[in-house]
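Just so it is clear, none of the values below were taken in a lab; they were calculated from the coordinates. Given the structure is predicted, the values throughout are model-derived calculations rather than measurements. So basically every Cβ, Gly included, is an ideal-geometry build from the backbone, and we count neighbours across all protein chains shown.
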Amino acid sequence: MRIFKYWATASKVLHIDGFTQESSVYGGSDISMDHAREDAEQRMDKAATKIQEKINRIYYNDPNYEVDIMEEIIEKIDSNNIITRNRYGALVLNSTDTMFIDVDSYKLSFMKIFFRRGKTNKDFMLAAIEKAAAKSIYNQLGFRIYETYKGYRVLVSGFNHPVRSSETKFILKDFNGDRLYNYMCDKQNCYRARLTPKPNRVEQKLPRIIFPDRNNEQQDIHDRWLEEYRYKSQRFSTCNLVKEIGFVSSTRVIEVHDRISKVNRDYPLA
């Protein structure tokens, strides 16, 4: 996953089918701004080369390309787990070694609609998750199932395959993971789990100033926004633990996830 402390831009005039256009890209580094600038220049050169070769979808035809996660780093739990603040201000756990599955929908068949007998979509989602977790192919894994505002989040314990592996793609699909979430896991080469509420769900406006291009005055504005957001988020949870299936070993990641998400605090989900 590409999450860095320093971000810098590089620009270049590109000539595309007779048109001239100045384009910019960001580069990142944990070492220094100069190193981030070198990364940006390399990425700019790569983009220019691919345009000249008439590759229409820059980078995305390259299976090894990782989409930048250009978000402010809040805490590094370890080298595989980093907490960032996303574009709309919520904290997000980014992980390369702890699988999260985002389940936000369930397509009901005609028969299930007809015989639903008071059951909600969430009821059917949970039943499908439990059915998948009970399969013999997963008997070496453990599952922590959390309820979220729209559906469920599944934390998978004991899964040791790379994010971009065929095994990962299979289990994400088998558990009916959200398609966009599954796609972004592959592109960003990590799993993501939102830890704090979406601002609109706590009646908070979206932040006006986006990381990383904030001057001192803009940082002050953002800090005031954060203070209000934290206040309004105090009595909301992001998810609640419903059940565990199989053996789940206790980890620092689970502890941090549950604490910041305010798991099982009897608060409304947001």
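Quick rundown of the values:
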read-out	value
Pairwise label distance in nanometres, residue 49 with residue 34, each label 7 Å out on the Cα-Cβ vector	2.4
Euclidean distance of C-alpha centroids, region 140-189 and region 36-50, integer Å	32
Residue with peak Gaussian network fluctuation, the chain [Cα springs, cutoff 10 Å], from 143, 124, 236	124
Fewest-first sequence of 247, 175, 211 by Cβ atoms within 10 Å of each Cβ	247, 211, 175
Distance histogram for the chain (every C-alpha pair counted, 5 angstrom bins, percent rounded to whole numbers)	1, 5, 11, 14, 16, 15, 13, 10, 8, 5, 2, 1, 0
Residues 84, 238 arranged by fewest to most Cβ contacts within 10 Å	84, 238
The chain: calculated mean residue ellipticity at 222 nm from DSSP helix runs of at least 4, using -39500 (n - 2.57)	-9500 deg cm²/dmol
Positive dipole terminus of the chain, leading residue within 163, 218, 65 (C-beta point charges)	163
Fewest-first sequence of 214, 85 by Cβ atoms within 10 Å of each Cβ	214, 85
Longest segment of the chain lacking GluC sites (Glu not before Pro) that sit in a DSSP loop with at most 12 other Cβ atoms within 10 Å	54-202
Calculated FRET efficiency for the pair residue 259/residue 136, C-beta based, R₀ 41 Å, to 0.05	0.75
Long pairs among 76/169; 131/205; 76/135; 119/243; 76/205, criterion Cα-Cα beyond 29 Å	131/205; 76/135
